[in-house]
Structures are given as C-alpha cells and as structure tokens.
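In what follows, a structure is listed as structure tokens, so that the remarks can point back to it.
The values are calculated or read from the model by the stated rules, or taken from the named source; none is laboratory data. What you are looking at is a predicted structure, and each value in this text was computed from that prediction instead of being measured. Cβ coordinates were reconstructed from backbone atoms using ideal geometry, including for glycine residues, and neighbour counts include every protein chain displayed. For the accessible areas, the whole protein counts, side chains as well, though only heavy atoms, and no ligand, DNA or RNA atoms are used. Shrake-Rupley method; radii C 1.70, N 1.55, O 1.52, S 1.80 Å.
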Amino acid sequence: MADTPRFHLSSVMDSELTEFYVKNGFVLVDQLITVEEQEEIRTDLAKINRGCYDSSPIEPVDWALDDQRLLGRYMYIGQPHVYSPTIRQYITHPGLCRFLDLVVGATVPFWNGAYKCVQTMFVTKKPGGNGSPWHQDEHPIPTRDRSLTGVWIALSDATINSGCLWIIPNSHQSGVIYERYVHNLPDVDSMTIARGFDDSSAVPIEMSTGSVLFFSGYLLHSSKKNYGGFHRPALTIHYCSGNTLLPWQGERNYRGVIPIKGEDPYELEGYVTPSPWSKVE
C-alpha cells in the first residue's frame, strides 16, 4: 500500500469507502477541512497553548499569538472542546460526519446509525520532537464492540520526514488487543508501547494539510521522530457507537460523551464534563 488510496468528499462512493475501511481499518480523505478552517483550528491551538482560556490546564505565557512555539508547547492537549467553543464545533463538522456515518458502525452487527464523541485531543510534534510508540486506541478506550473510530486531522503536511503516522493495514481484523509496556526507546514519547506482533508490513500515511484519516480503534499505529523544520500539529477526535457501554476513566459507563447522531440509550444516566489535561512529552 505504498500509494495509499485517497477518497474525496466530492466523489466518494459509499459502498467503496465502507468496503475499504472494513478491509484495511482506515480511510484517508483528502482536503476535507478547508484552508479557512485549518487556520481557525491552528489559531485556536496557539490560544490554548498561550493560556488564553481560563479553564485550560495550561499556565499562561506572554508570547505573541503568532509565535510558532505556541503550536508545540505541549505535545498532548486533552479534551480542549471543554473550554474551547471553536474545537467544540468541529466535533459535529458536517464533512467529518459524512464519513463517520459510514464507518463508525461498519463492523458492528445491528448498528442503528447512532454514535457519540468520546474525546478530543491535540497531538503536536515540534521540530526534533519524538514520535509515538506502537499502540491501539482501543487499549485505553475499551469499547470492545469494534466501533471505536479515531479521526486524525492534519493541520500541516504530515510527511515521513516530519513524523507522519505509520499503520499496519488489516491489523484491526483479528480483534486482538496487544498489551502495552514501559520502554526506554529514545525516539518515541513516554507512552507505553504495544508488543507481540510483526510490524514488517507497516506503511507510512503521508497527508497534506486539511486531510483526515479515519481509523479503527483496533488498528496498530505509531509515528516517528519529526526531522522536519516545522511543527506537525493534528487535532484528533474519537467516536464510538451510541449503544456502546464504555467502562473508561474508572467509570462503569463513562458519561463525558457527546451524542452526535441517533438516540442515546443511556441518557437517563446523565452526562459529566471531562477533565482537560496536557502533557509536554
């Protein structure tokens, strides 16, 4: 899969896209986020990193808003939609939902079309910044019904040189969740690493700014060190079926979710506001 197939909003065929997702565990959609939207998100990332939001877990600094350091001050910023109305609106972005309608329940028997947002997160690799070790998002976010869907929005060109994502096609199919271990690898961050599989078939997913990768929570993926001369920010959002019972964050059924489509069968359990967080590396 050296030349990764790319889908386009203007010409997508639903059956073709769904078939590709079910088989490979991901679909790449070119230029789904407009230039104006890209700039809006990047500007908001700078504001978040500057500490412009009172409820953000980030200590304010007096750097100019156009200071490039503001894009990569933190490698991870968790749940920014809690305090940023700008990020909150992208959870229900019509372009994203156009494809989420097709893939969230693509491998879920009897799926009724309902889905919910589980979390938002910025992931930024500054120049020289470390990559991320092999992992599956399903490991920490235990939907276990195969509906967990990651959305990775490129806010700059993501190339092999700048530390784009690498994935193992078809690795979602077995349903195996690989254990993760503490490591001391020098070129990836401190997140635990998944082991017990063959990564020789891994391929890079190079993306232009504004492109979006939709991928299964069971898909093995990683990234490498950013050897480029610019920041590589991305906004990630996770969704799952509306019927998923989500034993996460120490809760029997985590309720820091946002229903997007369809009815929420757990509505009577109420909702909570997630706790924002940040991590330097």
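Some observations on this one:
- Protection-proxy order for peptides 205-212, 26-33, 103-110, each taking the mean of Cβ atoms within 10 Å per residue, highest first: 26-33, 205-212, 103-110
- Listed by chain and number, the lysines whose alpha-carbon sits under 28 Å from that of Lys279, ignoring those within fewer than 8 places in the same chain, are Lys47, Lys116, Lys125, Lys126, Lys224, Lys225.
- Both the radius of gyration and Dmax for the chain are 17.8, 52 Å, in that order, over alpha-carbon atoms.
- For the chain, the relative contact order is 29 percent, taking Cα pairs closer than 8 Å that sit 6 or more residues apart in sequence and dividing their mean separation by the residue count.
- Note that segment 121-134 has calculated 3J(HN,Hα) couplings of 6, 8, 10, 10, 9, 6, x, x, x, 6, x, 10, x, 4 Hz, one per residue in order, obtained from phi through the Karplus relation 6.51 cos²θ - 1.76 cosθ + 1.60 (θ = phi - 60°); glycine and proline are x.
- Global geometry of segment 1-156, whether rounded, prolate or oblate, following the gyration tensor of its Cα atoms and the 1.5 cut on a/c: prolate
- Considering only alpha-carbon pairs that sit under 8 angstrom and 6 or more positions apart, the relative contact order computed for segment 36-135 is 28 percent.
- The chain - percent of accessible surface contributed by carbon and sulfur, probe 1.4 Å: 53
- Debye log10 I(q)/I(0) at q = 0.15, 0.17, 0.19, 0.25 Å⁻¹ for segment 123-203, Cα point scatterers: -0.63, -0.81, -1.02, -1.51
- A 1.4 Å probe run over the protein chains yields, for segment 167-245, 39 Å² of accessible area per residue, whole-number rounding.
- Local net charge near Tyr90, Cβ-Cβ under 11 Å (Lys/Arg +1, Asp/Glu -1): -2
- The Cα atoms of segment 220-266 define a convex hull whose projected area, averaged across directions, is 5.4 nm².
- Per-selection Kirkwood Rh - segment 132-259 (Cα, Å, 1 d.p.): 15.6
- For segment 245-281 versus segment 160-205, the inter-centroid distance based on Cα atoms is 26 Å.
- Tyr254 sits among other residues whose Cβ lies under 11 Å from its own Cβ, and their net charge, with Lys and Arg +1 and Asp and Glu -1, is +1.
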